[in-house]
Amino acid sequence: MKSLKWLAASLFILGNASTVQAAETATEDFSTRTYEIVNIDSALLGTSERFGFDSGLTFEYPDAVRGIFVTGNSAGGARFSSLVDLVGNTDLNAMVIDVKEDVGHLTYTPKADSPLADKGIGTSLIKDPHAMLKRMEQEQIYPIARVVVFKDTVLAEQHPELSFTTGGQLWTNGRGEAFVNPFMKEVWDYNVEVAIEAAKLGFKEIQFDYVRFPEGFERLGEQLDYSMGDYAESNLDPVQRRVEAVTDFVAYAKEKLEPYDVEVSVDIFGYAATLPEAPGIGQNFSKISENVDVISSMIYPSHWTSYFGIAKPDLEPYKLVAEYAKVENEVLSKLDEAPVSRPWLQDFTASYLGAGNYKRYGKAEVEAQIRALNEQGIDEFLLWNAGNSYSPGVDYTPE
């Protein structure tokens, strides 16, 4: 499928029109495009790069992304400087920053002319996102915007019709969290708008998280009330309907973000790569991978039960990551165009597993996970620590 950017480049190369504009119309399934040429100032073209969106900030994609997770609190507070120093003084080079967090709030306040301004989801955690990104530009820290999609208590409470209900009341999981309905295209557009604004702010990559149905939906689906939207007429079984909805959202979001010159990545459960699909939540590793630039499996050793023949995975970070990487490499090798693999690694101690089932994570455990990836040909990674307190002294490029 030829993008708008491709058209601009082609017109520039032809050089037979002094003034051109591409006006795009898409069919309902977003698979076919037609173009109309009309007059506009030729200064818009110049080069294909100039035709694309320009945030005014310049970032280069690193040799290989080696990043850390940063909350809105950290990004907008005193801790941000110390995290910048951590990246600047090591071989780290990227930050994944919460833009739309797990409850559904933005971590900044949209400007009055933003289409998000009237949604009631802004906060003041990051008071000046442009200044934050400008600092990252100066330090050449690759900026990735984390956008939590279908786990969204705020939107669910505002619009229960876009969520799941039981007995006329909004359904929440055991942690009191609500999800919105992946079958609903209104939910898709809501999150794509957030992603577009993040791109306009200057983020160079949009990372979608919680791109799935609630856990256990293979059981819950029969107990809850919800709309299937356009998928109501589908002939697919319930599992494949969920897979189709989740996959379609990813493809739709990537298409909508094309004019903004950003990479698109998706976080996915690590076990999804080991199965044909995760039946309840609608994640099919291969199908999602076909529609993104980067796939980020969450492979924290603490999150696996006895798997790959490892009785207590948290105690064996190197082996767990190495065995997972072998499986993922096999799956991705079967795709015509595989995305970049950039797994999430563990830089936290999972004491909640109980004595004898966990170990304290630090320099050695983090390096072991990175080395396991490297030995399987995977050079990119992200580190997760919910409190943004990362282990000191880590060699992020171990031989």
Count of residues meeting criterion [in contact with a strand residue (DSSP E or B) (Cβ under 7 Å, 6 or more places away or on another chain) and open to solvent by 10 Å² or more (accessible area, probe 1.4 Å)] in the range 110-138: 2
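What is the residue count in the range 152-201 for residues that are among the β-branched types (Val, Ile, Thr) and part of a strand (DSSP E or B)?
Here is the first cut: in the range 152-201, the ones among the β-branched types (Val, Ile, Thr) are 153-154, 165-166, 172, 180, 187, 192, 194, 196.
From what's left, part of a strand (DSSP E or B): 165-166, 180.
So the answer is 3.
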Only listed residue being among the basic types (Lys, Arg), open to solvent by 50 Å² or more (accessible area, probe 1.4 Å) and over 23 Å from the mean Cα position of the chain (by Cα), chosen from 326, 319: 319
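Residues checked against (1) touching a residue at least 24 places away in the same chain (Cβ under 8 Å); (2) on the phi < 0 side of the Ramachandran plot; (3) within 18 Å of the chain's Cα centre (by Cα):
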| site | (1), (2), (3) |
| --- | --- |
| 234 | no, yes, no |
| 237 | no, yes, no |
| 243 | yes, yes, yes |
| 268 | yes, yes, yes |
| 273 | yes, yes, yes |
| 279 | yes, yes, no |
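State yes or no: is residue 379 more than 25 Å from residue 289 (Cβ to Cβ) and either among the charged types (D, E, K, R) or touching a Cys at 6+ places or on another chain (Cβ under 6 Å) (or both)?
Details: more than 25 Å from residue 289 (Cβ to Cβ): no; either among the charged types (D, E, K, R) or touching a Cys at 6+ places or on another chain (Cβ under 6 Å) (or both): yes.
No; evaluated as a whole, the condition is false for this residue.
Are any of the residues in the range 160-175 buried (at least 22 other Cβ atoms within 10 Å of the Cβ) and farther than 23 Å from residue 83 by Cβ?
The initial filter retains those residues of the range 160-175 that are buried (at least 22 other Cβ atoms within 10 Å of the Cβ), namely 163-164.
With farther than 23 Å from residue 83 by Cβ added as a condition, the list becomes 163-164.
Yes, that holds for at least one residue.
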Candidate set from the range 267-294 (those that are under 26 Å from residue 257 (Cα atoms) and among the small types (Gly, Ala, Ser)); member that is most open to solvent (accessible area, probe 1.4 Å): 286
Qualifying residue in the range 89-99 (condition: open to solvent by 40 Å² or more (accessible area, probe 1.4 Å) and either in a helix (DSSP H, G or I) or within 22 Å of residue 151 (Cβ to Cβ) (or both)): no
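Looking only at residues in the range 205-225 that are out of contact with any strand residue (DSSP E or B) (no Cβ under 6 Å at 6 or more places or on another chain) and buried (at least 21 other Cβ atoms within 10 Å of the Cβ), which one is nearest to residue 174 (Cα to Cα)?
Here is the first cut: in the range 205-225, the ones out of contact with any strand residue (DSSP E or B) (no Cβ under 6 Å at 6 or more places or on another chain) are 213, 215-223.
Right, trim to buried (at least 21 other Cβ atoms within 10 Å of the Cβ) and you get 213, 217.
Details: 213: 15, 217: 13 Å.
Here the residue is 217.
Would you confirm, using the coordinates I've provided, whether residue 157 is open to solvent by 60 Å² or more (accessible area, probe 1.4 Å), under 17 Å from residue 228 (Cα atoms) and more than 19 Å from the chain's Cα centre (by Cα)?
Numbers: open to solvent by 60 Å² or more (accessible area, probe 1.4 Å): yes; under 17 Å from residue 228 (Cα atoms): no; more than 19 Å from the chain's Cα centre (by Cα): yes.
The answer is no for residue 157.
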Number of the exception - residue 391 against (1) open to solvent by 30 Å² or more (accessible area, probe 1.4 Å); (2) of a type in the set (S, T, N, Q); (3) more than 26 Å from residue 263 (Cβ to Cβ): (1)
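For the structure I just gave you, tell me whether residue 107 is surrounded by fewer than 21 Cβ atoms within 10 Å (Cβ to Cβ) and β-branched (Val, Ile, Thr).
Working: surrounded by fewer than 21 Cβ atoms within 10 Å (Cβ to Cβ): no; β-branched (Val, Ile, Thr): yes.
Judged against the criteria, residue 107 is not a match.
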Residue match in the range 238-246 (condition: among the acidic types (Asp, Glu) and within 30 Å of residue 111 (Cα to Cα)): no
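Just to check your reading of the model, which residue among 141, 121 is closer than 22 Å to residue 382 by Cβ, at pLDDT 95 or above and among the hydrophobic types (A, V, I, L, M, F, W, C)?
Details: 121 fails: closer than 22 Å to residue 382 by Cβ.
Exactly one of 141, 121 is closer than 22 Å to residue 382 by Cβ, at pLDDT 95 or above and among the hydrophobic types (A, V, I, L, M, F, W, C), namely 141.
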Near pairs, Cβ below 8 angstrom, 6+ apart or cross-chain, from the range 325-342 (at negative phi) to any residue that is among the polar types (S, T, N, Q) and in a loop (DSSP other than H, G, I, E, B): 325/376; 326/376; 329/376
The one condition in (1) more than 13 Å from residue 272 (Cα to Cα); (2) crowded, with 17+ Cβ neighbours inside 10 Å; (3) within 24 Å of the chain's Cα centre (by Cα); (4) charged (D, E, K, R) that residue 359 fails to fulfil: (3)
Residue match in the range 141-151 (condition: small (Gly, Ala, Ser), in a loop (DSSP other than H, G, I, E, B) and under 23 Å from residue 97 (Cα atoms)): no
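The values are calculated or read from the model by the stated rules, or taken from the named source; none is laboratory data. None of these values were measured; they are calculated from a predicted model. Virtual Cβ from ideal backbone geometry, glycine too; neighbours counted across all protein chains shown. Note: accessible area is taken over every heavy atom of the protein model, side chains too, but ligands, DNA and RNA are not part of it. Shrake-Rupley method; radii C 1.70, N 1.55, O 1.52, S 1.80 Å.
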